[in-house]
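Colleague: The structure that follows is given in the form of structure tokens.
What follows is calculated from the coordinates using simple rules that are stated; it is not laboratory data. All figures in this text were calculated on a predicted structure; none of them were measured in a lab.
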């Protein structure tokens, strides 16, 4: 079974631009979560989508948004990029419907904001 | 203070040693506990998943959870140079709360041949 895939793998953007990242979960997984990983803050939860609805949201500004499609694929968008948004953005999928289940991560998208 | 604390290391051990990695947490709602391994510039790989207190063994890896002490551990037996990576503990709360994980900061492990 294919794992979680993320595209693109690397991105370089300029301050003020916006960016869209894509995630395809493991087949059959309907829960998709997004995390930001930085050297200073570690791995931080951004949001979770389940059946096209945002189920949980972390403590990030409104510039960070996401959505999920009917095939469970998900996108996240960051608008008005800041230097501090440079990070590895990770997507994880889970088979668990109610929560507390195992989560499997993709390889990440490394975003550099200049 | 962070909800999940983890010694950042680095932890350096000789090949064949038993490695002990630990996390402490403050949120008593956490019930599901995971350990991930992350190689440089890769995504985290799920190693162990446990629910509530107790032990779980999988090959060279043993995960322990002590909810009364809010303390979890990962033991690696017969450590290999290929085990050199950052190890992250992660936790989530009760069922029906969704799949939101709270991570420790990670411990960098180096296994020397």
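Colleague: Could you state the number of Å between the C-alpha centres of the stretch A:78-114 and the stretch A:28-55?
Modeller: The stretch A:28-55 and the stretch A:78-114 have Cα centres separated by 6 Å.
Colleague: Remind me, relative contact order of chain A in percent, using alpha carbon pairs under 8 angstrom and six or more residues apart?
Modeller: On the way: 294 pairs, mean separation 40.7, N = 114.
Relative contact order, chain A: 36 percent.
Colleague: Continuing with this model, one more query. Can you tell which of B:16, B:59, B:43 shows the greatest fluctuation in a Gaussian network model of chain B with Cα springs below 10 Å?
Modeller: Answer for the Gaussian network model of chain B: B:59.
Colleague: Can I ask one more? Just check chain A against the gyration tensor rule for me: Cα atoms, a ≥ b ≥ c as the square roots of the eigenvalues, rounded for a/c under 1.5, and otherwise prolate or oblate depending on whether a/b exceeds b/c. If you can, show how the numbers build up before the last one.
Modeller: Values: a/c = 1.77, a/b = 1.66, b/c = 1.07.
Here chain A falls in the prolate category.
Colleague: Looking at the protein assembly as shown only, what percent of DSSP beta bridges run antiparallel? Nearest 5 please.
Modeller: On the way: 75 of 84 bridges.
Around 90 percent of the beta bridges assigned by DSSP in the protein assembly as shown are antiparallel ones.
Colleague: Another question, then. Would you work out the relative contact order for chain B, in percent, from Cα pairs under 8 angstrom that are 6 or more residues apart?
Modeller: Computed over chain B, the figure is 37 percent.
Colleague: Within chain B, what percent of beta bridges assigned by DSSP are antiparallel, to the nearest 5? All intermediate terms of the calculation are to be shown ahead of the outcome.
Modeller: Numbers: 38 of 42 bridges.
Given both bridge residues lie in chain B, the antiparallel proportion sits at roughly 90 percent.
Colleague: Moving to a separate point now. Return the single residue from B:100, B:48, B:91 with maximal mean-square fluctuation; model: Gaussian network over chain B, springs between Cα atoms under 10 Å.
Modeller: Judging by the Gaussian network model, the answer is B:100.
Colleague: Of all DSSP beta bridges located in chain A, what percent are antiparallel, nearest 5? It would help to have the intermediate numbers written out before the result.
Modeller: Working: 37 of 41 bridges.
About 90 percent, rounded to the nearest 5.
Colleague: How many percent of the alpha carbon pairs in chain B exceed a separation of 21 Å?
Modeller: Numbers: 2022 of 6328 pairs.
For chain B, the share of Cα pairs beyond 21 Å comes to 32 percent.
Colleague: Compute the Cα gyration tensor for the protein assembly as shown, then decide on rounded, prolate or oblate, letting a ≥ b ≥ c be the square roots of its eigenvalues: rounded whenever a/c is under 1.5, prolate when a/b is larger than b/c in the other cases, and oblate in all that remain. The partial results should precede the final answer.
Modeller: Working: a/c = 1.79, a/b = 1.41, b/c = 1.28.
Judged from the Cα gyration tensor, the protein assembly as shown comes out prolate (a/c at least 1.5, a/b above b/c).
Colleague: Would you mind telling me which residue in A:62, A:28, A:101 has the biggest mean-square fluctuation in a Gaussian network model of chain A, where springs connect alpha carbons within a distance under 10 angstrom?
Modeller: The residue with the greatest mean-square fluctuation here is A:62.
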